[in-house]
Structure formats: C-alpha cells, structure tokens
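Since the structure comes first, as structure tokens, the remarks are kept for the end.
The values are calculated or read from the model by the stated rules, or taken from the named source; none is laboratory data. None of the values given here were measured: they were computed from a predicted structure. For neighbour counting, all protein chains shown are included, and Cβ atoms are generated from backbone atoms with ideal geometry for every residue, glycine included.
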Amino acid sequence: MDERENVISILVNNKPDVLARISGTLSGRGFNIESISANITKDPNKTKIILTTIGNKTTLAKILKQIAKLVDIITVEDLTGRKAVRREMFLVRFNWQLEGRKEKIAALVEKKKWKLLCANDDTCIVEITGENGLAEVMALTDLGMEDFTRTGVVAIEKA
Amino acid sequence: MKISGAQILFKALAMEGVEVIFGYPGGAVIGIYDEMTRQNIRHILVRHEQGAIHAADGYARASGKVGVCLATSGPGATNTVTGIANAYLDSIPVVILTGQVPTALIGTDAFQEVDITGITRPCTKHNFLVRNVSDVGRITRDAFAIARSGRPGPVLIDLPKDIMQMELEEADVNFNGEYNCEEEPVDRSQINRAVEMIREARKPVIFSGGGVVMGGASAELRELARITGAPVTSSLMGLGAFNASSPLWMGMPGMHGTYCANMAFSHCDLIIGVGVRFDDRVTSKVDLFAPNARIIHIDIDPVSIDKIIKTSLAIVAGAKSALSAINAELAEYSPSSHVSIWQEQVLKWKREKPLSYKKSEAIKPQFVVEKLYEVSRGEAIIATEVGQNQMWGAQFYHYKKPNTFITSGGLGTMGFGLPAAIGAQVARPDAIVVDLAGDGSIQMNIQELATAVQNNIPVKIAILNNNFLGMVRQWQEIFYQKRYSHTDLLGNPDFVKIAEAYGAKGLRASKVEEVEMIIKEAFATEGVVVMEFIVDREEGVYPMVKPGSPLTDMDLGPMAPEEDSRAEIGDDPSTRSFN
C-alpha cells in the first residue's frame with residue numbers, strides 16, 4: 001500500500017508527560033514521527049498536538065488507535081487530505097557576502113512574500129511559511145543558504 | 001481537622017475496598033508505613049519488591065479485584081518493573097504505590113531517586129507523579145478506576161515523601177476522580193450482524209481469552225456454547241472460563257495446543273473470538289491461520305482488533321455485555337444438522353489424537369500434573385512459573401472455573417508463580433493453591449518462601465525438577481542440534497532442605513509410585529509445602545507447531561502406545577455426547 005505523509009491532530013488534557021506518552025507510544029510501537037508541534041488552545045487546560053508521520057493507511061489506523069487509547073487524550077483526528085489547511089515555517093540564514101547575492105535574495109523576498117527578519121553585511125535571516133517548503137528551501141543552497149530551522153506542521157480543519 | 005497525605009491515601013484505599021497490600025518498606029515510604037500502624041489494613045511483607053507486584057497480580061487474577069503493592073523509591077520501584085510489564089501484557093488490574101524523594105529533590109539524582117513514571121510509561125496503562133497533597137485523594141481514586149475499567153492494566157502512583165507528610169484541612173480533600181471510565185453501550189447493529197453470521201455458520205468455533213476471565217463473562221460464554229453448539233477453545237489466558245470437562249471443550253490451541261483445537265481452527269468457517277488478541281503463539285503463521293473462516297472479534301480494546309488478524313466483524317465491547325446481547329438474540333436459535341456433523345468431526349479429532357506422553361520408569365512431568373488434577377479433583381488454583389511447567393499445567397490440568405489458572409501469558413516471566421500463588425492464596429484462603437514450578441524458575445523468586453511461611457499462607461509448591469532450563473533445552477534439541485548451551489542446572493540446591501530451612505515442609509518423589517503419595521501428604525498439610533519431583537530429564541512439550549509453520553503442521557512428539565495414551569482432555573466418558 002502507498003506510503004504517504006499523514007497529519008494527525010490530537011486534543012489532549014494539558015497534563016504533565018502527555019507529549020512524552022504520545023511520542024513514547026509511537027516510538028515503542030515502531031512508528032516514526034516526522035514532525036510534531038504542540039501548544040495550549042483557547043482553553044488553557046487543553047493542548048493541541050499536530051504530528052506528521054509517514055505510512056500507509058493500515059499503519060495510520062494503528063497509530064490513531066494506539067493514541068486514542070492513552071488516558072489523557074480527548075480526540076484524535078486524521079487531517080490528511082483536503083479538509084484542513086496546513087502550514088509550516090522555516091527560519092533561513094543566508095550568507096550574502098558574495099557579489100550580487102543581496103539583490104537576488106531581496107528580489108526573492110519581494111516576489112515570494114517572504115519576510116526579511118534581520119540583516120547585517122554578512123548574513124540575513126528570512127522567514128518562509130508554506131504548505132511544504134522543504135524542497136524550496138533546499139534549493140537555496142546556491143544563494144548562500146547556510147542553515148535553517150523548521151517548525152512542525154500546524155494544521156486546522158476548514159470547518 | 002488536619003489530615004496528612006498518607007492518611008488521605010489510606011482513606012482513598014478504603015473507599016476502593018482495598019483489604020490487603022503486598023509491600024516492602026524503605027526510606028521514602030517510611031511515613032506511609034508509620035501511618036499503616038494506625039490503619040485497619042492487612043499488609044503482607046514480601047522479601048523482594050518483584051514478589052510484591054507478582055503477589056498483587058496473582059491476588060487480582062484469583063479475586064477479580066484490583067491488587068495493590070507498595071515499594072519504596074529507587075531500587076524498590078525498579079524492582080517492580082518486571083512485574084508491572086507482566087501485569088500490563090496480561091491486562092491485570094494492579095495499583096502500584098511507589099515512594100519518591102521529596103519534591104524539592106526530584107531531578108537532582110538524590111539518594112534512591114529514579115524517574116519511575118518515566119521508566120514505567122510504556123508498561124503501565126497510566127501513571128501519576130503526585131505533585132500536590134490536594135491531589136492524593138483524586139489521583140488514587142482515578143488510578144483504581146483506570147486500572148479496572150476497559151481493558152484492565154497496571155497503574156502506578158509515585159508518592160513523594162514530603163507530600164505524604166504534608167497536611168490539609170479535611171474539608172479540602174477531594175476524593176472524586178476526574179476520568180470517565182464508563183463502558184460505551186454495545187452497538188446493536190454489530191450484534192445483529194454477529195447473530196446473522198452465527199446463524200449462517202456450519203462449522204463454528206468459539207475462541208475465548210483472558211478478557212472473558214477478567215471480564216467476568218464465563219457464564220455468558222458457557223451459555224453461547226450451549227445455544228450454538230460451537231466447540232470451544234481458549235487461549236492460555238482464557239483457560240478456566242469454559243469448563244474443561246464439557247464435551248464441547250477442545251483444549252488450548254496454538255504452538256503447544258491440542259491437535260483438535262488446531263485442526264478445528266484450520267477447518268472451521270467461523271471463529272467467534274472473544275477477549276482474545278490472536279497472539280503469535282496462537283495463530284502461528286498468520287497467512288495460513290483459519291483459511292476458511294470468517295472472524296468475529298469481540299474485544300474491549302480497539303487496538304487488539306485487526307492488529308494481527310483481519311476480522312470480518314469487529315465488536316468493540318466488554319465480553320460480558322457483548323455475549324449477553326448475542327445470547328439474548330439467539331434465544332430461539334437451534335443449530336442446524338451441519339453443526340452436528342461438525343461436532344462429530346471435532347469429537348473425532350479429539351479422540352484420534354489426544355494429548356499424550358510416553359510412560360517410562362522415570363517420573364513423567366505430565367503424570368505429576370495429572371496426579372495434581374486427580375488428587376485435587378480439579379478444584380485447586382494452579383499458578384505456574386514459565387516454560388515447560390507452564391505448558392504442562394495448561395495441557396494436563398483441566399480447569400473448570402475462571403480465575404483458577406494463574407500464569408504469565410504475555411511476558412512469560414520466570415519467577416512469577418510463587419509470589420502469584422501467594423497472592424492467590426490470600427484472595428482465596430480456603431482453596432488449595434499450587435505453584436507449578438520448574439527447577440529454574442522457582443529459583444528466581446525462591447525468597448518468597450519466607451513470605452509464605454511468616455504470613456501463614458499455605459501454598460503448595462510442586463517443582464518438576466529435570467535439572468534443566470527445560471523449554472530452552474527443548475528448543476536447543478529441536479533447532480540447535482542438541483547443543484545444550486548453558487541450560488544444564490546440575491548445580492541445583494537440595495530443594496527439600498531449602499524448604500526446611502525456610503520452615504516449610506519438604507517432600508521428594510523420585511519414583512513413580514511416590515508421586516501420588518507426596519501430593520496427598522502435601523494437600524493434607526496445613527502449612528507451606530515444597531514437593532520436589534525428580535522427572536525425566538529430557539521430556540518435551542508436545543504437540544509443537546514450529547514458529548512460522550501453519551497450525552496443521554504439528555509435531556505430535558513421541559506418540560504413546562494406544563493403551564498408554566490418555567484421552568481425558570476434558571473428556572468425561574459419562575457425558576460423551578454434544579448435548
């Protein structure tokens with residue numbers, strides 16, 4: 001069966017260890033977590049965790065059941081596909097000392113609606129937010145991309 | 001009025017109806033032990049914390065109640081980990097209370113500090129580190145509710161020393177749990193579908209597991225078999241839920257299962273699996289398991305469903321509620337003639353190749369188990385260790401009632417049997433409780449003899465002594481050309497003297513005719529007795545399905561001559577019909 005990236009949204013009681021329980025359950029059962037992001041919700045007693053994992057439908061079903069079984073879980077949903085909006089963010093540091101790079105990077109920032117967060121003569125840091133920006137960011141090596149930090153995916157149901 | 005954390009703990013335990021705690025004191029729990037002197041609760045002092053958790057586990061299995069154990073921080077807590085994993089894999093409701101260093105010292109590598117909630121996260125159903133004295137009551141109540149609800153399991157509460165000493169106004173104590181642990185109602189449409197499938201089946205088989213035993217659904221299981229006429233097999237964990245003297249009983253299936261049960265799985269057209277998880281020891285090669293059968297899988301834990309075996313119909317429900325709903329729908333049902341033909345076929349398999357062994361001058365371990373069955377009239381509670389002793393205990397003792405076979409099914413923990421037998425005896429003081437042991441595993445928790453003697457817990461220990469780690473030796477014989485690497489235990493102590501040194505009675509049988517004699521003497525003795533049976537050294541457990549083979553591919557072992565073979569696996573001649 002086809003492997004794909006699955007986006008899982010988990011609403012949990014904001015209790016100590018709850019993130020460790022989820023990640024431990026997945027690693028202990030041999031599933032990989034690709035990305036994870038967690039923070040409290042409108043109700044500060046609840047936390048929403050978005051995690052992505054690669055696997056086929058059967059694997060996904062097993063993961064959903066294993067997570068749902070944990071005591072502090074309120075709901076688990078599969079957000080894969082069209083019914084949700086998803087974003088992730090990169091903070092990218094460029095070395096733009098080389099002749100001509102400053103102009104090229106500035107033009108890209110303008111064109112792609114990135115954000116230039118800070119800059120000095122040697123380097124700059126750019127914020128890139130998108131649905132799945134890894135390939136795009138990796139392609140910036142020629143423009144002096146030195147390093148980046150990437151958030152986990154966040155996603156929310158459309159309605 | 002002020003009340004301390006320790007007092008709140010005991011109040012909550014009393015609300016849960018806890019009568020007995022198995023434990024071992026230490027620095028971090030000294031306050032709890034001090035409070036215990038003012039409380040009306042029985043405490044059984046073990047000799048190792050692993051003994052405490054296994055005893056609480058055995059108590060839970062024999063009584064159906066939640067077992068409780070108490071250990072100190074650090075090594076006390078880590079010593080319970082094997083037992084916690086054991087209870088987790090067999091879904092046994094146990095609450096483990098561990099001491100912890102004072103809250104201010106947590107995370108400093110203080111003396112006897114370990115992160116026990118971190119260590120036990122993957123082998124508990126849930127665990128708690130209590131951070132406020134105001135949480136002690138609520139968390140304790142929640143721990144019991146979580147342990148016993150749904151698919152039961154162990155729950156650990158880590159109790160920092162200072163929290164137990166802190167005081168609170170009594171009016172501010174909260175004993176209301178937060179978690180909703182109610183069972184969801186059974187889905188009627190799934191019940192109707194199951195009933196339809198049962199009506200359509202010509203060759204049905206019922207496969208029951210530990211979920212029926214712990215779910216208290218033995219009566220409903222027997223009723224389903226009576227209505228449908230479907231032959232019954234049980235996983236190791238499920239033994240006892242169905243009466244083994246019923247003509248519908250086929251014995252245990254799987255790797256060391258009966259010919260009859262494995263043939264029935266391989267030829268049936270419907271499996272009604274209830275409270276089972278289709279473990280690899282049962283299915284063997286999954287692709288070839290029950291090739292012609294539709295499978296109804298009833299389990300309280302959705303995770304168990306479709307984990308190993310693809311089911312035709314899944315019912316997520318407790319065994320008791322699902323089975324009684326199905327039984328009610330089947331009230332008017334009478335099985336077709338196809339089912340009678342199937343019953344005849346099953347009976348034929350059962351008679352054709354019953355469990356058997358070859359008699360010899362040496363004592364056969366199977367013979368010892370048969371004698372235990374005869375002398376106790378099948379009324380004993382049998383706890384086992386792990387290995388050959390466990391399989392013979394499953395094969396040659398025929399269980400009539402649930403909660404009478406106590407064995408480490410999932411984890412396979414050597415050293416489980418003796419402390420579990422102690423726990424079972426505490427739960428059932430009037431029963432004969434036997435620890436069926438091997439010479440290897442008895443030595444893994446032999447210190448608990450002192451617990452039994454000191455607390456007048458009159459367990460009977462039957463050691464099948466072949467001076468080998470028998471099951472591993474058997475695998476070395478079959479798969480490793482008899483290279484017996486480190487399985488020879490010829491340095492064993494004198495078990496009779498060991499018994500006597502602990503203040504128990506020690507008996508030994510080295511000839512066949514002594515077997516029954518010493519069993520009778522042991523059962524007639526009031527206190528703790530160790531029976532040592534010097535058995536045939538290289539006896540193996542058969543039938544055996546090699547891992548990766550289909551269930552039909554059974555090695556039946558050195559078959560006994562016809563007159564020697566014992567057909568009585570659940571075969572009561574007076575009721576040899578299917579009515």
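Search the range B:342-360 for residues that are over 12 Å from B:ALA261 (Cα atoms) and pair each with any residue that is outside any loop (DSSP other than H, G, I, E, B) when their beta-carbon atoms are under 8 Å apart and the residues are at least 6 apart or on different chains.
Close Cβ pairs (under 8 Å, with a partner that is outside any loop (DSSP other than H, G, I, E, B)) amount to B:TRP342/B:PRO204; B:GLU352/B:TYR259; B:SER356/B:ASP564; B:TYR357/B:GLN366; B:TYR357/B:PHE367; B:LYS358/B:ASP564; B:LYS359/B:PHE367; B:LYS359/B:ASP564.
Quick check, is B:ASP301 within 24 Å of the chain's Cα centre (by Cα), closer than 18 Å to B:LYS546 by Cα and either hydrophobic (A, V, I, L, M, F, W, C) or surrounded by fewer than 22 Cβ atoms within 10 Å (Cβ to Cβ) (or both)? Quick ask: steps written out before the conclusion?
Working: within 24 Å of the chain's Cα centre (by Cα): yes; closer than 18 Å to B:LYS546 by Cα: no; either hydrophobic (A, V, I, L, M, F, W, C) or surrounded by fewer than 22 Cβ atoms within 10 Å (Cβ to Cβ) (or both): yes.
It is false that B:ASP301 is within 24 Å of the chain's Cα centre (by Cα), closer than 18 Å to B:LYS546 by Cα and either hydrophobic (A, V, I, L, M, F, W, C) or surrounded by fewer than 22 Cβ atoms within 10 Å (Cβ to Cβ) (or both).
Looking at the range B:77-100, is at least one residue over 24 Å from the mean Cα position of the chain (by Cα) and either within 14 Å of chain A (Cβ to nearest Cβ) or closer than 23 Å to B:PHE10 by Cα (or both)? Write out each step before concluding.
Keep residues of the range B:77-100 that are over 24 Å from the mean Cα position of the chain (by Cα), which gives B:99-100.
The next check asks that each one be either within 14 Å of chain A (Cβ to nearest Cβ) or closer than 23 Å to B:PHE10 by Cα (or both); those that pass are B:99-100.
Within the range B:77-100 (the criterion being over 24 Å from the mean Cα position of the chain (by Cα) and either within 14 Å of chain A (Cβ to nearest Cβ) or closer than 23 Å to B:PHE10 by Cα (or both)), the answer is yes, since at least one residue qualifies.
Scan A:GLU136, A:GLU77, A:GLU88, A:GLU146 and give me the residue that is under 16 Å from the mean Cα position of the chain (by Cα) and part of a strand (DSSP E or B). Explain how you work it out, then say what you get.
Working: A:GLU136 fails: part of a strand (DSSP E or B); A:GLU77 fails: under 16 Å from the mean Cα position of the chain (by Cα); A:GLU146 fails: under 16 Å from the mean Cα position of the chain (by Cα).
One residue alone meets the criteria, A:GLU88.
Residues of the range A:32-47 being part of a loop (DSSP other than H, G, I, E, B) and either more than 13 Å from every other protein chain (Cβ to nearest Cβ) or among the small types (Gly, Ala, Ser) (or both), which ones? Break it down into steps so the answer makes sense when it comes.
Going residue by residue through the range A:32-47, those that are part of a loop (DSSP other than H, G, I, E, B) are A:32-34, A:41-45.
Selection gives A:ASN32, A:ILE33, A:GLU34, A:THR41, A:LYS42, A:ASP43, A:PRO44.
Tell me yes or no: at least one residue of the range B:110-120 is within 22 Å of the chain's Cα centre (by Cα) and either farther than 16 Å from B:ILE146 by Cβ or crowded, with 18+ Cβ neighbours inside 10 Å (or both). Show your work before the answer.
Step one: list which residues in the range B:110-120 are within 22 Å of the chain's Cα centre (by Cα), which gives B:120.
Add one more test, that the residue is either farther than 16 Å from B:ILE146 by Cβ or crowded, with 18+ Cβ neighbours inside 10 Å (or both), and what stays is B:120.
Looking through the range B:110-120, at least one residue is within 22 Å of the chain's Cα centre (by Cα) and either farther than 16 Å from B:ILE146 by Cβ or crowded, with 18+ Cβ neighbours inside 10 Å (or both).
A:ASP72 passes all but one of (1) within 11 Å of chain B (Cβ to nearest Cβ); (2) free of Cβ contacts under 8 Å to residues at least 60 places away in the same chain; which number fails?
Going through the list (1) within 11 Å of chain B (Cβ to nearest Cβ); (2) free of Cβ contacts under 8 Å to residues at least 60 places away in the same chain, A:ASP72 breaks only (2).
How many residues, within the range A:107-133, are in a loop (DSSP other than H, G, I, E, B) and either under 14 Å from A:ASN95 (Cα atoms) or β-branched (Val, Ile, Thr) (or both)?
Filtering the range A:107-133 down to residues in a loop (DSSP other than H, G, I, E, B) leaves A:113-114, A:120-122, A:131-133.
After this cut, where a residue has to be either under 14 Å from A:ASN95 (Cα atoms) or β-branched (Val, Ile, Thr) (or both) as well, the list is A:120-122.
Residues in the range A:107-133 being in a loop (DSSP other than H, G, I, E, B) and either under 14 Å from A:ASN95 (Cα atoms) or β-branched (Val, Ile, Thr) (or both): 3 in total.
Are there any helices (runs of 4 or more DSSP H) wholly within the range B:359-435 with 3 or more residues that are out of contact with any Leu (no Cβ under 9 Å at 6 or more places or on another chain), outside the structural domain of B:SER235 (by TED's automatic domain parsing) and not hydroxyl-bearing (Ser, Thr, Tyr), and if so which?
On the way: elements: B:365-375, B:388-396, B:417-427.
Result: B:365-375, B:417-427.
Restricting attention to the range B:529-545, which residues are assigned to a loop (DSSP other than H, G, I, E, B) and farther than 27 Å from B:LYS505 by Cα? Walk me through it before giving the result.
Restricting attention to the range B:529-545, the residues satisfying the condition of being assigned to a loop (DSSP other than H, G, I, E, B) are B:536-543.
The answer is B:GLU538, B:GLU539, B:GLY540, B:VAL541, B:TYR542, B:PRO543.
(1) more than 14 Å from chain B (Cβ to nearest Cβ); (2) in a loop (DSSP other than H, G, I, E, B); (3) farther than 26 Å from B:THR311 by Cα: which one isn't true of A:LYS15, the others all being true?
Only one criterion in (1) more than 14 Å from chain B (Cβ to nearest Cβ); (2) in a loop (DSSP other than H, G, I, E, B); (3) farther than 26 Å from B:THR311 by Cα is unmet by A:LYS15, namely (1).
If a residue has to be basic (Lys, Arg) and within 14 Å of chain B (Cβ to nearest Cβ) to count, how many in the range A:75-124 make the cut? Full working, then the answer.
Taking the range A:75-124 as the starting set, the residues that turn out to be basic (Lys, Arg) are A:82-83, A:86-87, A:93, A:101-102, A:104, A:111-113, A:115.
Now narrow it down to the ones that are within 14 Å of chain B (Cβ to nearest Cβ): none.
Going through the range A:75-124 one residue at a time, the tally reaches 0.
Failed condition for B:GLY257, given (1) assigned to a loop (DSSP other than H, G, I, E, B); (2) touching a Leu at 6+ places or on another chain (Cβ under 7 Å), with all others met?
Tallying (1) assigned to a loop (DSSP other than H, G, I, E, B); (2) touching a Leu at 6+ places or on another chain (Cβ under 7 Å), B:GLY257 fails exactly one: (2).
Only strands (runs of 3 or more DSSP E) wholly contained in the range B:118-174 count here; list those with 1 or more residues that are within 11 Å of chain A (Cβ to nearest Cβ) and of a type outside the set (Ser, Thr, Tyr).
Details: elements: B:126-129, B:154-160, B:167-169.
Result: B:126-129, B:154-160.
List pairs: first in the range A:45-63 and of a type in the set (Gly, Ala, Ser), second buried (at least 21 other Cβ atoms within 10 Å of the Cβ), Cβ under 7 Å, 6+ apart or cross-chain?
A:GLY55/A:ASN6
Name the single residue that is nearest to B:GLY211 (Cα to Cα) among those in the range B:274-328 being part of a loop (DSSP other than H, G, I, E, B) and among the acidic types (Asp, Glu).
Checked the range B:274-328; the qualifying residue nearest to B:GLY211 (Cα to Cα) is B:ASP301.
What number of residues within the range A:38-61 satisfy the criterion of being closer than 30 Å to A:GLU3 by Cα and of a type in the set (D, E, K, R)? Walk me through it before giving the result.
First, the residues of the range A:38-61 that are closer than 30 Å to A:GLU3 by Cα: A:38-39, A:47-61.
Then drop every residue that is not of a type in the set (D, E, K, R), which leaves A:48, A:57.
Looking only at that region, the number is 2.
Could you give me the residue pairs with C-beta distances under 6 Å whose first residue belongs to the range B:16-43 and is among the hydroxyl-bearing types (Ser, Thr, Tyr), whose second residue is part of a helix (DSSP H, G or I) wherever it lies, and which are 6+ apart or on separate chains?
Pairs that qualify, where the first residue is among the hydroxyl-bearing types (Ser, Thr, Tyr) and the partner is part of a helix (DSSP H, G or I), are B:TYR24/B:GLU49; B:TYR24/B:ALA52.
Working only within the range B:278-312, note down all residues that are within 14 Å of chain A (Cβ to nearest Cβ) and of a type in the set (Asp, Glu).
B:ASP299, B:ASP301, B:ASP306
So, B:PRO419, is that one in contact (Cβ under 8 Å) with a residue 40 or more places away in the chain and under 14 Å from B:ALA62 (Cα atoms) or not? Don't jump to the end; show me each part of the working.
Numbers: in contact (Cβ under 8 Å) with a residue 40 or more places away in the chain: yes; under 14 Å from B:ALA62 (Cα atoms): yes.
So B:PRO419 passes the test.
If you go through the range B:175-197, how many residues are within 14 Å of chain A (Cβ to nearest Cβ) and either without any contact (Cβ under 8 Å) to a residue 12 or more places away in the chain or closer than 30 Å to B:VAL29 by Cα (or both)?
Counting residues in the range B:175-197 that are within 14 Å of chain A (Cβ to nearest Cβ) and either without any contact (Cβ under 8 Å) to a residue 12 or more places away in the chain or closer than 30 Å to B:VAL29 by Cα (or both) gives 5.
Among the residues of the range B:436-459, are any touching a helix residue (DSSP H, G or I) at 6+ places or on another chain (Cβ under 6 Å), assigned to a loop (DSSP other than H, G, I, E, B) and not polar (S, T, N, Q)?
Yes, the conditions are met somewhere in the range B:436-459.
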